[in-house]
Amino acid sequence: MASTTSWLVLGTGKQQLHRRTFVIKAEVNFVDSKEAKKLIAVEEYAVLDVRDRTQFERSHIKDCYHVPLFIENKDNDFGTIIKRTLHNNFSGLFFGIPFTKLNTEFVQSVKSQFPPESKLLLVCQEGLRSTAAAKKLEEAGYQNIACITSGLQSVTPGTFDSVGSTELQNAGKAGLVTIQGKISAVLGTFLICAYLFITFFPDQAEKLLQLAPTS
């Protein structure tokens with residue numbers, strides 16, 4: 001984001017000097033994977049991966065930088081413990097998604113590595129976190145920002161040199177769903193519903209168990 005200043009003289013008799021400041025706002029450049037590769041090779045954009053640590057470790061673009069927009073939430077207040085427990089028994093178990101919170105040091109961490117005039121290609125798995133991260137950096141004064149539309153899940157295998165145990169487009173997939181496919185997804189939904197019922201309606205659950213036939 002850049003700004004220019006102009007001066008306007010108004011009034012009669014005694015002149016008054018008024019200052020007007022115009023803000024020039026740079027727009028984030030959304031590109032596909034082929035255009036992104038060109039930005040890296042030709043225009044020397046640095047790749048900034050903003051995914052959480054688990055997805056980054058599964059697979060990431062070689063020689064990229066990692067500053068997560070969300071970090072693992074290890075807070076131990078009562079509300080967070082409840083939310084983390086529910087999360088770990090559903091999204092965490094069946095989809096391998098960690099329980100996270102916003103990284104309040106994100107912008108400062110980027111600033112410590114890149115000056116505002118840097119050319120940055122932001123990447124995440126689906127394109128949502130990179131867009132949110134781009135907005136924060138834009139507000140902090142960064143003008144040369146690009147994002148891959150729809151994220152790394154849309155990247156054709158082999159487009160980028162990558163590091164990790166899987167392809168870039170599959171780094172968001174983990175948990176039981178990857179092992180047993182749709183069956184696990186359906187089973188997971190059933191189990192989490194049963195878990196929530198037992199947790200919040202223990203008396204009714206106990207009565208139902210008593211009615212169940214025994215062998």
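The values are calculated or read from the model by the stated rules, or taken from the named source; none is laboratory data. Computed from a predicted model, the values in this text were never measured in an experiment. Cβ: placed from backbone, ideal geometry, glycine included. Neighbour counts: every protein chain shown. The accessibility values were calculated without ligands, DNA or RNA, using every heavy atom of the protein model including side chains. Shrake-Rupley method; radii C 1.70, N 1.55, O 1.52, S 1.80 Å.
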query: Mind checking which residues of the range 145-158 are in contact with a Ser or Thr (Cβ under 7 Å, 6 or more places away or on another chain), of a type outside the set (Ser, Thr, Tyr) and either open to solvent by 70 Å² or more (accessible area, probe 1.4 Å) or not in a loop (DSSP other than H, G, I, E, B) (or both)?
result: CYS147, ILE148
Qualifying positions in the range 25-52 - in a helix (DSSP H, G or I) and among the hydroxyl-bearing types (Ser, Thr, Tyr): SER33
field: Residue list for the range 65-84, filter: open to solvent by 100 Å² or more (accessible area, probe 1.4 Å) and in contact with a Pro (Cβ under 9 Å, 6 or more places away or on another chain)
entry: none
- prompt: Scanning for something at pLDDT below 95, among the charged types (D, E, K, R) and open to solvent by 40 Å² or more (accessible area, probe 1.4 Å), does the range 96-113 turn up at least one residue?
  reply: yes
message: Suppose we filter the range 97-115 for residues that are in contact with a strand residue (DSSP E or B) (Cβ under 9 Å, 6 or more places away or on another chain) and aliphatic (A, V, I, L, M); how many remain?
response: 2
message: Go through the range 119-135 and report how many residues are assigned to a helix (DSSP H, G or I) and touching a residue at least 40 places away in the same chain (Cβ under 8 Å).
response: 7
query: So which residues in the range 34-59 are open to solvent by less than 60 Å² (accessible area, probe 1.4 Å) and either more than 14 Å from the chain's Cα centre (by Cα) or more than 20 Å from ARG129 (Cα to Cα) (or both), if there are any at all?
result: ALA36, LEU39, ILE40, TYR45, ALA46, VAL47, ARG58, SER59
